[in-house]
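Engineer: This is the structure I have questions about; it appears just below.
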Amino acid sequence: MTVFCSRMNSWRRSARLATFVMVFTPAWVAGARAQTPPYALFQYSTITGSGNTITATQLPVVIASGTIYQNVTLLFDVDAEGNLTLAPGYPQVVKSPRPIMSNFLAGTYVGPPTILSGKAIITVSGPSVGPGGVTEFNLTAAAGADPCTFPSSGTWYVVGSDLANNPFASRLKTDGITSTLVSYGVGSSECNDDNLDWLQDSLLGFSQVGTTLTIYSYTHDGTDHNTAQDQITYTLQNP
(Lines give C-alpha, C1' and ligand atoms only; values in the text may rest on other atoms or scores of the structure.)
Protein backbone atom coordinates (compact mmCIF):
# COMPACT_ATOMS: atom_id res chain seq x y z
CA MET A 1 0.00 0.00 0.00
CA THR A 2 2.85 2.34 0.83
CA VAL A 3 4.46 1.65 -2.51
CA PHE A 4 1.18 2.21 -4.34
CA CYS A 5 0.58 5.57 -2.61
CA SER A 6 4.10 6.65 -3.35
CA ARG A 7 3.65 5.86 -7.02
CA MET A 8 0.30 7.68 -7.09
CA ASN A 9 1.86 10.80 -5.53
CA SER A 10 4.72 10.65 -7.99
CA TRP A 11 2.27 10.37 -10.90
CA ARG A 12 0.26 13.33 -9.60
CA ARG A 13 3.38 15.48 -9.30
CA SER A 14 4.37 14.57 -12.84
CA ALA A 15 0.89 15.41 -14.12
CA ARG A 16 0.95 18.78 -12.39
CA LEU A 17 4.39 19.54 -13.84
CA ALA A 18 3.19 18.59 -17.31
CA THR A 19 0.16 20.87 -16.93
CA PHE A 20 2.40 23.74 -15.75
CA VAL A 21 4.64 23.33 -18.78
CA MET A 22 1.68 23.15 -21.17
CA VAL A 23 0.04 26.25 -19.72
CA PHE A 24 3.04 28.53 -19.27
CA THR A 25 5.40 27.56 -22.06
CA PRO A 26 3.35 29.29 -24.81
CA ALA A 27 3.41 32.58 -22.85
CA TRP A 28 7.15 32.32 -22.37
CA VAL A 29 7.67 31.61 -26.05
CA ALA A 30 5.42 34.54 -26.98
CA GLY A 31 7.49 36.80 -24.72
CA ALA A 32 10.67 35.66 -26.39
CA ARG A 33 9.20 36.15 -29.85
CA ALA A 34 8.20 39.71 -28.89
CA GLN A 35 11.87 40.65 -29.13
CA THR A 36 11.92 39.72 -32.80
CA PRO A 37 10.96 42.73 -34.95
CA PRO A 38 8.57 44.37 -35.11
CA TYR A 39 8.20 45.58 -31.50
CA ALA A 40 8.05 48.83 -29.53
CA LEU A 41 10.23 50.00 -26.62
CA PHE A 42 8.00 52.17 -24.47
CA GLN A 43 10.59 52.17 -21.67
CA TYR A 44 12.83 54.36 -23.85
CA SER A 45 10.15 56.91 -24.75
CA THR A 46 9.18 60.05 -22.83
CA ILE A 47 5.82 59.26 -21.25
CA THR A 48 3.64 62.06 -19.89
CA GLY A 49 0.09 62.14 -18.61
CA SER A 50 -2.53 64.86 -18.31
CA GLY A 51 -6.15 64.25 -17.41
CA ASN A 52 -7.41 61.31 -19.47
CA THR A 53 -4.51 61.50 -21.92
CA ILE A 54 -1.22 59.61 -21.99
CA THR A 55 1.46 60.58 -24.51
CA ALA A 56 4.56 58.62 -25.45
CA THR A 57 7.06 60.84 -27.28
CA GLN A 58 9.97 59.57 -29.34
CA LEU A 59 8.83 55.95 -28.98
CA PRO A 60 11.39 53.62 -30.61
CA VAL A 61 9.73 51.05 -32.86
CA VAL A 62 12.05 48.33 -34.08
CA ILE A 63 11.28 46.92 -37.51
CA ALA A 64 13.24 44.60 -39.76
CA SER A 65 14.98 47.47 -41.55
CA GLY A 66 15.95 49.41 -38.40
CA THR A 67 14.43 51.69 -35.75
CA ILE A 68 11.87 54.39 -36.37
CA TYR A 69 10.39 56.85 -33.84
CA GLN A 70 6.72 57.57 -33.26
CA ASN A 71 4.65 59.88 -31.07
CA VAL A 72 1.67 58.02 -29.58
CA THR A 73 -1.36 59.64 -27.92
CA LEU A 74 -3.90 57.65 -25.91
CA LEU A 75 -7.18 59.24 -24.83
CA PHE A 76 -9.38 57.30 -22.39
CA ASP A 77 -13.10 57.45 -21.73
CA VAL A 78 -14.25 56.81 -18.15
CA ASP A 79 -17.71 55.38 -17.49
CA ALA A 80 -19.86 55.89 -14.38
CA GLU A 81 -18.26 52.90 -12.67
CA GLY A 82 -14.72 54.11 -13.31
CA ASN A 83 -13.92 51.68 -16.14
CA LEU A 84 -11.41 52.93 -18.67
CA THR A 85 -11.75 52.40 -22.42
CA LEU A 86 -9.90 53.96 -25.33
CA ALA A 87 -11.80 56.85 -26.85
CA PRO A 88 -12.88 56.49 -30.50
CA GLY A 89 -10.08 57.35 -32.90
CA TYR A 90 -7.31 56.44 -30.47
CA PRO A 91 -4.48 55.64 -30.24
CA GLN A 92 -3.19 58.35 -32.55
CA VAL A 93 0.26 57.66 -33.97
CA VAL A 94 2.42 60.13 -35.92
CA LYS A 95 6.06 60.09 -36.87
CA SER A 96 8.31 61.91 -34.39
CA PRO A 97 10.06 64.94 -35.82
CA ARG A 98 13.77 64.43 -36.21
CA PRO A 99 15.64 66.01 -33.27
CA ILE A 100 17.46 69.23 -34.11
CA MET A 101 21.14 68.44 -33.78
CA SER A 102 23.26 71.41 -32.76
CA ASN A 103 26.91 72.24 -32.46
CA PHE A 104 26.89 71.65 -28.69
CA LEU A 105 29.57 69.16 -27.72
CA ALA A 106 29.54 66.77 -24.78
CA GLY A 107 32.59 66.56 -22.55
CA THR A 108 34.46 68.28 -19.73
CA TYR A 109 34.83 72.06 -19.83
CA VAL A 110 37.05 74.39 -17.80
CA GLY A 111 36.31 78.05 -17.08
CA PRO A 112 38.77 80.96 -17.23
CA PRO A 113 41.84 80.61 -14.97
CA THR A 114 40.92 83.90 -13.29
CA ILE A 115 37.61 82.50 -12.01
CA LEU A 116 37.64 80.24 -8.92
CA SER A 117 41.39 79.69 -9.43
CA GLY A 118 40.69 77.76 -12.60
CA LYS A 119 38.49 75.28 -10.75
CA ALA A 120 35.24 76.18 -12.51
CA ILE A 121 34.77 72.81 -14.23
CA ILE A 122 31.60 71.36 -15.72
CA THR A 123 30.60 68.21 -17.59
CA VAL A 124 28.16 68.50 -20.49
CA SER A 125 26.10 65.48 -21.53
CA GLY A 126 23.75 64.96 -24.44
CA PRO A 127 22.07 65.14 -26.78
CA SER A 128 19.00 63.38 -25.44
CA VAL A 129 15.27 63.64 -26.08
CA GLY A 130 13.48 66.26 -23.98
CA PRO A 131 9.79 67.13 -23.52
CA GLY A 132 7.85 67.06 -26.76
CA GLY A 133 10.77 65.48 -28.60
CA VAL A 134 13.09 68.51 -28.45
CA THR A 135 16.84 68.04 -28.15
CA GLU A 136 18.09 68.32 -24.58
CA PHE A 137 21.55 68.91 -23.08
CA ASN A 138 22.59 68.83 -19.41
CA LEU A 139 25.53 69.98 -17.34
CA THR A 140 26.80 69.21 -13.86
CA ALA A 141 29.82 70.32 -11.86
CA ALA A 142 32.68 67.96 -12.66
CA ALA A 143 34.79 66.01 -10.19
CA GLY A 144 37.33 68.35 -8.58
CA ALA A 145 35.33 71.47 -9.39
CA ASP A 146 35.13 74.35 -6.93
CA PRO A 147 31.86 74.09 -4.93
CA CYS A 148 30.93 77.56 -6.19
CA THR A 149 31.22 76.65 -9.88
CA PHE A 150 28.51 78.48 -11.81
CA PRO A 151 26.32 77.13 -13.02
CA SER A 152 26.88 73.84 -11.20
CA SER A 153 23.81 72.28 -12.80
CA GLY A 154 21.68 73.10 -15.79
CA THR A 155 19.45 71.85 -18.58
CA TRP A 156 18.81 73.48 -21.93
CA TYR A 157 16.87 72.75 -25.09
CA VAL A 158 17.67 73.11 -28.78
CA VAL A 159 14.55 74.11 -30.74
CA GLY A 160 15.96 75.96 -33.73
CA SER A 161 14.22 79.20 -34.69
CA ASP A 162 10.88 78.36 -33.04
CA LEU A 163 11.10 79.33 -29.38
CA ALA A 164 7.50 78.18 -28.93
CA ASN A 165 8.84 74.61 -28.83
CA ASN A 166 11.04 75.36 -25.82
CA PRO A 167 9.55 73.93 -22.57
CA PHE A 168 10.09 77.42 -21.06
CA ALA A 169 8.42 79.24 -23.98
CA SER A 170 5.89 81.03 -21.75
CA ARG A 171 8.66 82.28 -19.47
CA LEU A 172 10.69 83.52 -22.41
CA LYS A 173 7.65 85.32 -23.81
CA THR A 174 6.87 86.94 -20.46
CA ASP A 175 10.47 88.11 -20.16
CA GLY A 176 10.44 89.54 -23.70
CA ILE A 177 13.28 87.27 -24.88
CA THR A 178 13.08 86.65 -28.63
CA SER A 179 16.67 85.99 -29.77
CA THR A 180 17.25 82.58 -31.35
CA LEU A 181 21.02 82.94 -31.37
CA VAL A 182 21.23 80.97 -28.12
CA SER A 183 19.41 77.97 -26.66
CA TYR A 184 17.52 78.42 -23.40
CA GLY A 185 17.06 76.45 -20.22
CA VAL A 186 17.53 76.73 -16.48
CA GLY A 187 20.32 76.15 -13.97
CA SER A 188 21.90 77.29 -10.73
CA SER A 189 25.03 77.44 -8.60
CA GLU A 190 25.53 75.89 -5.17
CA CYS A 191 26.78 79.23 -3.79
CA ASN A 192 23.52 81.09 -4.24
CA ASP A 193 24.17 83.65 -1.50
CA ASP A 194 27.43 84.75 -3.12
CA ASN A 195 26.27 84.98 -6.73
CA LEU A 196 22.81 86.47 -7.25
CA ASP A 197 22.99 85.96 -11.03
CA TRP A 198 23.00 82.17 -10.70
CA LEU A 199 20.31 81.43 -8.14
CA GLN A 200 18.11 78.34 -8.20
CA ASP A 201 16.02 78.07 -11.39
CA SER A 202 17.83 80.94 -13.11
CA LEU A 203 16.92 81.38 -16.79
CA LEU A 204 20.05 80.59 -18.79
CA GLY A 205 21.15 80.88 -22.41
CA PHE A 206 23.75 78.65 -24.08
CA SER A 207 25.87 79.21 -27.16
CA GLN A 208 28.71 77.10 -28.56
CA VAL A 209 31.37 78.20 -31.03
CA GLY A 210 33.92 75.52 -31.75
CA THR A 211 35.19 74.22 -28.42
CA THR A 212 33.97 77.18 -26.36
CA LEU A 213 30.65 77.18 -24.54
CA THR A 214 29.27 80.51 -23.33
CA ILE A 215 26.53 80.50 -20.70
CA TYR A 216 24.40 83.57 -20.03
CA SER A 217 22.22 84.24 -17.00
CA TYR A 218 19.07 86.28 -17.56
CA THR A 219 18.08 86.19 -13.89
CA HIS A 220 19.29 88.38 -11.03
CA ASP A 221 18.16 87.79 -7.47
CA GLY A 222 15.18 85.77 -8.64
CA THR A 223 13.97 88.27 -11.26
CA ASP A 224 14.24 87.58 -15.01
CA HIS A 225 15.44 90.20 -17.50
CA ASN A 226 15.41 90.37 -21.29
CA THR A 227 19.17 90.91 -21.40
CA ALA A 228 21.97 88.83 -19.90
CA GLN A 229 22.94 89.81 -16.36
CA ASP A 230 26.13 87.74 -16.28
CA GLN A 231 28.01 85.26 -18.44
CA ILE A 232 30.89 82.81 -18.33
CA THR A 233 32.78 81.03 -21.12
CA TYR A 234 34.04 77.46 -20.77
CA THR A 235 36.54 75.65 -22.99
CA LEU A 236 36.23 71.97 -23.91
CA GLN A 237 39.08 69.92 -22.45
CA ASN A 238 38.05 66.28 -22.69
CA PRO A 239 35.42 65.45 -25.32
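Engineer: Among the candidates D197, D221, single out the residue that is touching a residue at least 12 places away in the same chain (Cβ under 8 Å), surrounded by 15 or more Cβ atoms within 10 Å (Cβ to Cβ) and closer than 21 Å to P147 by Cβ. Outline the logic, then answer.
Structural biologist: On the way: D221 fails: surrounded by 15 or more Cβ atoms within 10 Å (Cβ to Cβ).
Just a single option satisfies the conditions, and that option is D197.
Engineer: Within segment 146-161, restricting attention to residues that are farther than 27 Å from I121 by Cβ and within 20 Å of the chain's Cα centre (by Cα), which residue is modelled with the lowest pLDDT? Show your work before the answer.
Structural biologist: At the first step, the residues of segment 146-161 found to be farther than 27 Å from I121 by Cβ are 159-161.
Right, trim to within 20 Å of the chain's Cα centre (by Cα) and you get 159-160.
On the way: V159: 90, G160: 83.
Out of the qualifying residues, it is G160.
Engineer: Of the residues that make up segment 42-63, is at least one assigned to a loop (DSSP other than H, G, I, E, B) and at pLDDT 85 or above?
Structural biologist: Looking only at segment 42-63, we keep the residues that are assigned to a loop (DSSP other than H, G, I, E, B), and these are 45, 51-52.
Okay, now just the ones that are also at pLDDT 85 or above, so 51-52.
Yes, because at least one residue in segment 42-63 is assigned to a loop (DSSP other than H, G, I, E, B) and at pLDDT 85 or above.
Engineer: Quick one: in segment 64-90, of everything that is aliphatic (A, V, I, L, M) and not in a strand (DSSP E or B), which residue is farthest from T135 (Cα to Cα)?
Structural biologist: Here is the first cut: in segment 64-90, the ones aliphatic (A, V, I, L, M) are 64, 68, 72, 74-75, 78, 80, 84, 86-87.
Now narrow it down to the ones that are not in a strand (DSSP E or B): 64, 80, 87.
Details: A64: 26, A80: 41, A87: 31 Å.
For segment 64-90, the residue satisfying everything is A80.
Engineer: Is it the case that G130 is in contact with a Lys or Arg (Cβ under 9 Å, 6 or more places away or on another chain), under 30 Å from S207 (Cβ atoms) and crowded, with 16+ Cβ neighbours inside 10 Å? Full working, then the answer.
Structural biologist: Values: in contact with a Lys or Arg (Cβ under 9 Å, 6 or more places away or on another chain): no; under 30 Å from S207 (Cβ atoms): yes; crowded, with 16+ Cβ neighbours inside 10 Å: yes.
Answer is no for this residue.
Engineer: Continuing with the same structure: Looking at (1) of a type in the set (S, T, N, Q); (2) out of contact with any helix residue (DSSP H, G or I) (no Cβ under 6 Å at 6 or more places or on another chain); (3) surrounded by 16 or more Cβ atoms within 10 Å (Cβ to Cβ), which one does Q58 not meet, given that it meets all the others?
Structural biologist: (2)
Engineer: Say we look at segment 61-118 and pick out the residues that are within 27 Å of L181 (Cβ to Cβ) and among the polar types (S, T, N, Q); which of these is surrounded by the most Cβ atoms within 10 Å (Cβ to Cβ)?
Structural biologist: S96
The values are calculated or read from the model by the stated rules, or taken from the named source; none is laboratory data. Everything quoted here is computed from the prediction, not taken from an experiment. Cβ: placed from backbone, ideal geometry, glycine included. Neighbour counts: every protein chain shown.
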